[in-house]
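First up is the structure itself, then whatever we jot down about it.
The values are calculated or read from the model by the stated rules, or taken from the named source; none is laboratory data. These figures come from a predicted structure and were not determined experimentally. With ideal geometry, Cβ positions are generated from the backbone for all residues, glycine too; neighbour counts draw on all protein chains shown.
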Amino acid sequence: MMRRWFPAPLLSVFLLGLWLLLNQTLALGQVLLGAALAIYAPIATASLRPTPVRVRRPLAVLRLLGRVAVDIVKSNIAVAGVILGGRKRRQNSGFMRIPLDMRDPHGLASLACILTGCPGTVWAGLTDDGEVLTLHVLDLQDEDEWIDIVKNRYEKLLMEIFE
């Protein structure tokens, strides 16, 4: 019964809090309207959430966040080098294919966000079977280096978190 009314309790709490914050009031009418929204929205969107997220190792999330933060700074510096470098430096962009072992949809979505969020790389596609990622790299010097980065720096840790 409880799960039927609150399929995503944290989402409901977040929505209510956000509603009250945006309206900047704790008036009874706004609390009731926010509560109705917080109950209805997760029920209405339940079919859009295919599987619940299960984080296997929460501390690994912190390691991943640290890696991503460092990599974003490095990527910004590298992209600045490409932009400020000569014409020859700008001609190294290209697409590459990377085989993936991860199958968890949340891990794949996280990997897509990480790769697209790092300047100089863009997740360009995933095969229908989910086994091969297509990645666009602004400064593609060494494909093996990028495969190592994706597989060992991100995919392994994401698999530890989600699978």
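Any residue at all in region 50-64 that's part of a helix (DSSP H, G or I), touching a helix residue (DSSP H, G or I) at 6+ places or on another chain (Cβ under 9 Å), exposed (fewer than 15 other Cβ atoms within 10 Å of the Cβ) and modelled with pLDDT of 90 or more?
Among the residues of region 50-64, at least one is part of a helix (DSSP H, G or I), touching a helix residue (DSSP H, G or I) at 6+ places or on another chain (Cβ under 9 Å), exposed (fewer than 15 other Cβ atoms within 10 Å of the Cβ) and modelled with pLDDT of 90 or more, which makes the answer yes.
I need the full set of residues from region 65-122 which are in a helix (DSSP H, G or I) and of a type in the set (Val, Ile, Thr), in order please. First the steps, then the outcome.
Our first condition is that a residue be in a helix (DSSP H, G or I); within region 65-122, this holds for 65-84, 87-92, 105-117.
Within region 65-122, VAL68, VAL70, ILE72, VAL73, ILE77, VAL79, VAL82, ILE83, ILE114, THR116 qualify.
List pairs: first in region 64-82 and assigned by TED's automatic domain parsing to the domain that holds CYS113 and touching a residue at least 60 places away in the same chain (Cβ under 8 Å), second surrounded by 13 or more Cβ atoms within 10 Å (Cβ to Cβ) and among the charged types (D, E, K, R), Cβ under 7 Å, 6+ apart or cross-chain?
Close Cβ pairs (under 7 Å, with a partner that is surrounded by 13 or more Cβ atoms within 10 Å (Cβ to Cβ) and among the charged types (D, E, K, R)) amount to ARG67/ARG153; ALA78/ASP139.
Considering only residues that are loosely packed, with under 11 Cβ neighbours inside 10 Å and outside any helix (DSSP H, G or I), look in region 1-26 and name the one that is modelled with the lowest pLDDT.
The initial filter retains those residues of region 1-26 that are loosely packed, with under 11 Cβ neighbours inside 10 Å, namely 1-4, 10, 21-22, 24, 26.
Of the ones still in play, those that are also outside any helix (DSSP H, G or I) are 1, 24, 26.
Values: MET1: 57, GLN24: 95, LEU26: 94.
Out of the qualifying residues, it is MET1.
Starting from region 143-158, take each residue that is closer than 13 Å to LEU133 by Cβ and among the polar types (S, T, N, Q) and list its partners that are at pLDDT below 95 and surrounded by 14 or more Cβ atoms within 10 Å (Cβ to Cβ), counting only C-beta distances under 7 angstrom and pairs at least six apart or across chains.
Pairs found: none.
Taking region 116-145 only, how many residues are of a type in the set (A, V, I, L, M) and either more than 18 Å from ILE72 (Cα to Cα) or surrounded by fewer than 14 Cβ atoms within 10 Å (Cβ to Cβ) (or both)?
4
Could you tell me which of the residues GLU143, GLU160, GLU131 is among the acidic types (Asp, Glu) and touching a Lys or Arg at 6+ places or on another chain (Cβ under 6 Å)?
GLU160
Given the criteria touching a Pro at 6+ places or on another chain (Cβ under 7 Å) and either β-branched (Val, Ile, Thr) or modelled with pLDDT under 95 (or both), does ALA109 qualify?
no
So which of LEU26, LEU32, LEU18 ends up being aliphatic (A, V, I, L, M), under 22 Å from the mean Cα position of the chain (by Cα) and over 30 Å from ILE149 (Cα atoms)?
Working: LEU26 fails: under 22 Å from the mean Cα position of the chain (by Cα); LEU32 fails: under 22 Å from the mean Cα position of the chain (by Cα).
Going through LEU26, LEU32, LEU18 in turn, the sole match is LEU18.
Give me a count of the residues in region 128-163 that are of a type in the set (A, V, I, L, M) and assigned to a strand (DSSP E or B). Explain how you work it out, then say what you get.
Of region 128-163, the ones of a type in the set (A, V, I, L, M) are 132-133, 135, 137-138, 140, 147, 149-150, 157-159, 161.
With the extra rule that they be assigned to a strand (DSSP E or B), the set shrinks to 132-133, 135, 137.
Of the residues in region 128-163, 4 are of a type in the set (A, V, I, L, M) and assigned to a strand (DSSP E or B).
Regarding region 98-114, can at least one residue be identified that is more than 14 Å from LEU158 (Cβ to Cβ), in contact (Cβ under 8 Å) with a residue 12 or more places away in the chain and either surrounded by 13 or more Cβ atoms within 10 Å (Cβ to Cβ) or aliphatic (A, V, I, L, M) (or both)?
Scanning region 98-114, I find no residue that is more than 14 Å from LEU158 (Cβ to Cβ), in contact (Cβ under 8 Å) with a residue 12 or more places away in the chain and either surrounded by 13 or more Cβ atoms within 10 Å (Cβ to Cβ) or aliphatic (A, V, I, L, M) (or both), so the answer is no.
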